[in-house]
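Read through the structure below, which is laid out as structure tokens, and then see the notes.
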Amino acid sequence: MNRRNFGIYIHWPFCRSKCPYCDFFSQVKKDIPQEKIIEDYIQELDFYHNLTSTEQVSSIFFGGGTPSLIKPQLIARLIEEIEKKWSLRADIEISLEANPNTDSPTLFSDLKSAGINRLSLGVQALNDKDLKFLGRTHNAAQAQTAIEKVLKTFNNHSMDLIYARPEQKLDAWQQELSQAIGFGFKHLSLYQLTIEEGTNFAKRGIKALEENTAAKMYDFTTDFLAEHGYPRYEVSNFATPQYQCRHNLLYWQGDNYIGIGQGAHGRIKTTENKIYATTYRCQLEELTQEERAEELLLMGLRLDKGINKKNFKELCGKDFSNITDSQKITELEKLGFIQDNQNTVRLTKKGFPLMNHILSEIVI
């Protein structure tokens, strides 16, 4: 196996309610048999361990859904099972996504005791009106309480916000972002609201914010956060190198990871240089070099540092120049949207807001 980073993603697909903007795989259920599901997860871990036993785990990520609904003692059990099966990096990052409202006043300290050392808090908005619009089950006061507990309990933490809400004004977002950085989170994830097909928002005919206003918000966000110690490292994520999310970097950089649970997926490159996409439950599908190359392109250009061409070839077996239109890249570079040299290719500040269009232009 390669000695790059290797991660384990654990997906908890259950929520108390379905947010109207969410198009992730999640279910609203009561009376969930948590112990039985965790046993199923352990069986999946056994299966993937047979394929990746020589790897050293650099990160574990509990995502969802709402993984903060898992009993902390069951989270501890999963972490213990992973430690039995694989070698863990001494500085392993173990993240969990949580919502601000919880029935347990000791949830965050219990999560820390279970082994979580990085907490991502899904606040999404800092006022009651927008929280209600977004279908969140917490209010601003609950968010404030949770923020204080997270900052007190963990040394590594992140907050999620959604911006470019319908009718949102630039000055209102500027004020909200100023409030957000005042909390002192180490990492911020800021997502532009998009109306995805099949979501409740789409069914209700909710329209996205006007494109030019959304673009101005994004430009302001990247500049403002850079000035205040949160440089952009990925299109929607902001932190200094020390606090960048190591696990999410696995996806964007093309490292190996396995996905556990319904709705999870993974990518494994074997010693025979075969590349597999993994899906629930323990399904393997071999990817062609071309398929993997396109994935690496789509994910790698999300990073501010862009794509290292040498690493790209090592990961998929294809030269970067063989899967992209060099003439289009040259044209886009002249227009100031791309920086391209012998070693790397990356989007410029001018290019980031047009990332999807640029990708469609340069992929052969």
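A few points about this structure:
- Sorting 128, 319 by accessible area puts them as 128, 319; the probe is 1.4 Å, largest comes first, and only protein heavy atoms count.
- Average Cα contact separation per residue, the chain, under 8 Å, 6 or more apart, as relative contact order %: 16
- The chymotrypsin sites (Phe, Trp or Tyr not before Pro) of the range 1-88 that meet both conditions, a loop assignment by DSSP and at most 16 other Cβ atoms within 10 Å of the site Cβ, are 24, 25.
- Solvent-accessible heavy-atom area per residue, rounded to whole Å², over the chain at 1.4 Å: 47
- For the range 254-267, Karplus couplings with θ = phi - 60° (6.51, -1.76, 1.60), whole Hz, Gly/Pro x: x, 7, 6, 7, 10, x, 10, x, 4, x, 8, 9, x, 9
- Residue-level accessible surface for residue 217, protein heavy atoms, 1.4 Å, Å²: 0
- For residue 87, the residues whose modelled amide H falls within less than 5 Å of its own, excluding neighbours fewer than 5 places apart on the same chain, are 57.
- Listed residues 20, 166, 105, most fluctuating in the chain (Gaussian network, C-alpha, under 10 Å): 105
- Net charge over other residues, Cβ less than 14 angstrom from the Cβ of residue 305 (K, R count +1; D, E count -1): +3
- Amide H contacts under 5 Å for residue 6, placed H, 5+ residues apart: 58, 59
- Förster radius 41 Å - calculated FRET efficiency between residue 288 and residue 43 (Cβ-Cβ, nearest 0.05): 0.90
- As a ratio to 2.2 N^0.38 Å, the alpha-carbon radius of gyration computed for the range 267-317 takes the value 1.20.
- Dipole-positive endmost among 56, 251, 355 within the chain (Cβ charges, Cα centre): 56
- Gap separating the Cα centres of the range 288-364 and the range 1-69, nearest whole Å: 30
- Applying the Karplus relation 6.51 cos²θ - 1.76 cosθ + 1.60 with θ = phi - 60° to the range 341-352 yields 3J(HN,Hα) values of 9, 4, 9, 9, 9, 8, 7, 8, 4, 5, x, 4 Hz, where x marks Gly and Pro.
- Looking at the range 225-318, the trypsin sites (Lys or Arg not before Pro) that sit in a DSSP loop and have at most 13 other Cβ atoms within 10 Å of their own Cβ are 274, 281, 305.
- Nearby lysines by direct alpha-carbon distance to residue 305 (threshold 26 angstrom, same-chain neighbours under 8 apart not counted): 186, 216, 269, 313, 318, 328, 334, 349, 350
- Taking 158, 321, 17 in turn, the Gaussian network model of the chain (Cα-Cα springs below 10 Å) assigns the largest fluctuation to 321.
- Dipole check for the chain: with +1 at the C-beta of Lys and Arg, -1 at the C-beta of Asp and Glu, and the Cα centre as origin, the magnitude is about 440 Debye.
- Loop sites in the range 90-172: trypsin sites (Lys or Arg not before Pro), DSSP, at most 13 other Cβ within 10 Å: 169
- Estimated vicinal HN-Hα couplings, Hz - the range 272-287 in sequence order (Karplus 6.51, -1.76, 1.60; Gly, Pro = x): 8, 6, 8, 10, 10, 8, 10, 9, 6, 10, 6, 9, 10, 10, 6, 9
- The range 1-144, relative contact order in percent, only Cα pairs under 8 angstrom and at least six apart counted: 26
- Relative contact order, percent, the range 243-335 [alpha-carbon distance under 8 Å, six or more residues apart]: 20
The values are calculated or read from the model by the stated rules, or taken from the named source; none is laboratory data. Model, not experiment: these values are computed from the prediction. Heads up, the Cβs are rebuilt from the backbone with ideal geometry, glycines too, and the neighbour counts pull from every protein chain shown. Side chains included, ligands, DNA and RNA excluded: accessible areas come from the protein's heavy atoms. Shrake-Rupley method; radii C 1.70, N 1.55, O 1.52, S 1.80 Å.
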